[in-house]
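The values are calculated or read from the model by the stated rules, or taken from the named source; none is laboratory data. Since the structure is predicted, the reported quantities are computational estimates derived from the model, not experimental observations. Note that each Cβ is placed from the backbone with ideal geometry, even for glycine, and that neighbours are counted across all protein chains shown. When the accessible area is computed, the model is the full protein with side chains, heavy atoms only, and any ligands, DNA or RNA have been set aside. Shrake-Rupley method; radii C 1.70, N 1.55, O 1.52, S 1.80 Å.
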Amino acid sequence: MINRQLQNGYNELREARRTNRALYWAVGLFSVFANLLMLTGPIYMLQIYDRVLGSRSIETLIGLSVIGTFLFVVMGVLDVTRNRVMTRAAARFQARLDRRVFDAVIRRSAIKHDEVAQTGMRDLESVQKLMSSPVLMAGFDIPWTPILLAGIALFHPWLGMLAIGGGVMLVIITVINQMMSKAPQNSAMYAMLQSEKLSEHIRNESEMVTAMGMRQAAFYRWSKLRGRALSTQIASTDMVGGFSSVTKTFRLFLQSAMLGLGALLALRGEITPGAMIAGSILMGRALAPIELAIGQWPVVQRAVRGWHSLAILLGETPPEAERTALPKPRAKLDVIQLTVVPPGEAVASLRMLSFTVEPGQAVGVIGPSGAGKSTLARALTGVWRPAGGKVRLDGAALDNYDPTVLGRYIGYLPQRVQLFEGTIAENIARLEEKPDADAIVEAAKKADAHDMILKMPDGYDTRIDATGGRLSGGQIQRIGLARALYGDPVILVLDEPNSNLDNEGSAALNKAIRNMKAEGKSALIMAHRPAAIQECDTILMLDGGGRVAFGPRDEVLAQVVQNHEQIRAGGSGGLR
Ligand SMILES: Nc1ncnc2c1ncn2[C@@H]1O[C@H](COP(=O)(O)OP(=O)(O)OP(=O)(O)O)[C@@H](O)[C@H]1O
C-alpha cells in the first residue's frame, strides 16, 4: 500500500516533468550542436600550429579566425538559448505543481506535523533549482564526454588511452563523492531545519519567552541545535569542497600529462605539435561537465531528496476527487457512531458518539478538559477524518462536500484564533480574493464587532499582523467570530468562544447564536464557561471521549452539574 502510494507520487511528479518533454528534446538538440562546436577551439588550434605556422600564411590565419569567430558566436547563442529554455522549463514544472503541493502541504499539516509536510514547498523549489541549474545542463553534456575522449584517440591511441583512463578515474571520484557526501548532507539539512523550526517557534512566542524570563534558556536550546547544524554543515561542505578540489587538480594534472605525453609523441614524430595542444584542450572540455557536476553536487542531492519527499507527500495525499455540487444544506447534523483518533495517536479521543442537531437548535458541548470537545469540533469541520462512523450534514457525509464549499457552510471559531497578516476586512473575508464588502460588514455586525472595528485607526482597512498585533484577546476573538459568520454559514462550531470575551462580548455572542437559531440555522458551542451556553437549548456532556448525557439543557445540567442555578442566571461558575 505504502509502496503503491509512493509510486503514485513518483508518477505524478514524472507526469509534471513530462509536460516539458518537447523543451528537453529541443535542449538535447541544441546540446548536440553546442558540443560539436566545442571542437572549434581544438580544431582552430590544430590548424594554427600545423597549417598557419608551417605555411606562414596571413590569409589562412584570417580565414581560419573569421570561421572560428563565427562558430564561437553560434556556440554562445546556442548556449544562451538552451540555458533560457531550461530556466523556463523548470519554472513551468514548478508552476504546474505549486497549487497541488500547496494543497497537499495544508492537508497533511492539518493532521501531521512531520518533515514531509514542513519542507513540501522547499522540496519543490529544490527540484526547480536543479532543473534550472548548470549542473542539469552538464547532464546533457556528459554523454558527449566519452565521444570527445574517444576523439582524442584519433590523434594517437596512447593519448586516447590516457584520456579514457583519466575520465574513468573522474567518474570513480564522482561515485565515491555521491556515496560519502549523502549522509553528511542529509544530516546537515535536518539539523538546519530543526534549528530554523525552533527559532521560528521562539520568535512566535517572544512575549511569553520574555515575560517568563526564558530568553537565556531559549537561546541555550537554540544555540545547541544551531551549533549542531553548523558543525554538520561544515563537515558536509568540507567533504564536497574536498572532492571538488581533488577533481579540479586531477583534471589540470591530466591536461598537463596529456601535453607531456603529446610532446613525447611529437618528439618521436608520431603526432604534430598541433595535435599535442588540441588533445590537451579537448581533454579539458570533455571533463569539464564532470567537474561541474561534482562541484554542484549539493544541489543535486538536495533535489533528489526533495523529489523523494515530494513523492511521499503527493502519494500519501492524493488529489481530491471532483465532487458533485450539492444544494445548500439545511442546518441538520447527524453524528453517527463517530470515532476519532487524533493524527499520529493510537487511542481514540472520541468513541462511538451519536447525536442529532436539528435546524434552529443550539447545542452546548460541555465536559472536563480532555473530554474530546475540541476533537468533536475538528471532526465536525472536516479537519480530522472519522476513524469510524459518519458525520452527515443534511443527509450527506462531510466528505461528499468540496472542502472549500464545506468551509462556507460551516462557520468555525477555533479555540486559539489565528489571524493572517493583512487588513481586518481581509481576515473577516477569509482571505478571499474578491471579498464582498457588504458581507464583511454584515458578518461583523452579527458578531457585534462593527463598532469596535470602526474605532480602529483605519476601520476595516486597519492592518494587523499574524499575532493580532494591536488587537486585544477579546477583539481577536470577536474578529474570529465575524470570520466564522462570514458568508452566511448554516452551522456554527464555536470552540470556547467566550474564553476572552467581556460581558459585552458574551452578550454579542449570545445574540449571534439567537439570530442563527431564528434563521433556522444551528450552532454547537464547546464551552467551559456557563455564559457561552446560555442560548443552548440542548446540552451534550462528554467525558473520556464518550457521551455522558444528551438532552434538554436544564435536564442535563440538573443531572450532571451542581451549579446549574448559577448558569441559568448567567453567572460565571465552572461547568465541571
Ligand atoms: N493534536 C492532537 N494530537 C494528539 N492527541 C490529541 C490532539 N488533540 C487532542 N488530543 C487528545 O485528545 C483528547 C481530547 O482532547 P480535546 O482537545 O478534544 O479535549 P477538550 O475536551 O477540548 O479539552 P479542553 O477543554 O481542555 O480544550 C485528549 O486526551 C488529548 O490528549
Exercise. Which value, in Å³ per residue, describes the convex hull spanned by the Cα atoms of the stretch 145-295?
Worked result: 101
Exercise. In degrees between 0 and 90, to the nearest 10, how far off the longest principal axis of the chain does helix 115-131 point, with axes built from Cα atoms?
Worked result: 30
For this session: DSSP loop (so not H, G, I, E, B), at most 16 other Cβ within 10 Å: list which trypsin sites (Lys or Arg not before Pro) in the stretch 1-80 pass both filters.
Result: 56
Seminar exercise, completed: One would report the antiparallel percent of DSSP beta bridges in the chain, rounded to the nearest 5, as 55
Exercise. In degrees between 0 and 90, to the nearest 10, how far off the longest principal axis of the chain does helix 273-295 point, with axes built from Cα atoms?
Worked result: 10
For this session: Would you mind finding the longest exposed-site-free stretch of the chain, with exposed GluC sites (Glu not before Pro) meaning DSSP loop and at most 10 other Cβ atoms within 10 Å?
Result: 1-321
Exercise. Quick one: Kirkwood hydrodynamic radius for the stretch 1-153, alpha-carbon pairs, angstrom, one decimal?
Worked result: 19.0
For this session: Would you compute, from DSSP H runs of 4+ residues alone, the mean residue ellipticity of the chain at 222 nm, taking -39500 (n - 2.57) per run and dividing by the full residue count, rounded to the nearest 500?
Result: -21000 deg cm²/dmol
Problem set entry | 14 Å beta-carbon shell around residue 215, net charge (K/R +1, D/E -1) | 0
For this session: Note down the net charge around residue 291, summing +1 for each Lys or Arg and -1 for each Asp or Glu among other residues with Cβ under 10 Å from its Cβ.
Result: +2
Seminar exercise, completed: One would report the Cα pair-distance distribution of the stretch 292-353, bin width 5 Å, in %, as 4, 11, 8, 10, 13, 15, 11, 7, 6, 5, 4, 3, 1
Seminar exercise, completed: Percent antiparallel among DSSP beta bridges confined to the stretch 333-568, nearest 5, equals 55
Problem set entry | Counted charge near residue 325, where neighbours are those whose Cβ lies closer than 15 Å (Asp, Glu -1; Lys, Arg +1) | -2
For this session: Just report the Cα centroid separation between the stretch 365-399 and the stretch 51-124, whole Å.
Result: 50
Problem set entry | With Cα atoms, 0 to 90° folded angle of helix 144-155 axis to the chain main axis | 10
For this session: Would you mind getting the accessible area per residue of the chain, heavy atoms of the protein chains only, 1.4 Å probe, in Å²?
Result: 50
Problem set entry | Coordinate range along principal axes, alpha carbons of the chain, Å, largest first | 115, 51, 46
Problem set entry | Set of lysines with alpha-carbon distance to residue 112 below 17 Å, sequence-local pairs under 8 removed | 197
Exercise. In whole Å, how far is the Cα centre of the stretch 448-495 from that of the stretch 227-293?
Worked result: 65
Seminar exercise, completed: A 1.4 Å probe over the protein heavy atoms gives the chain a carbon and sulfur accessible-area percentage of 59
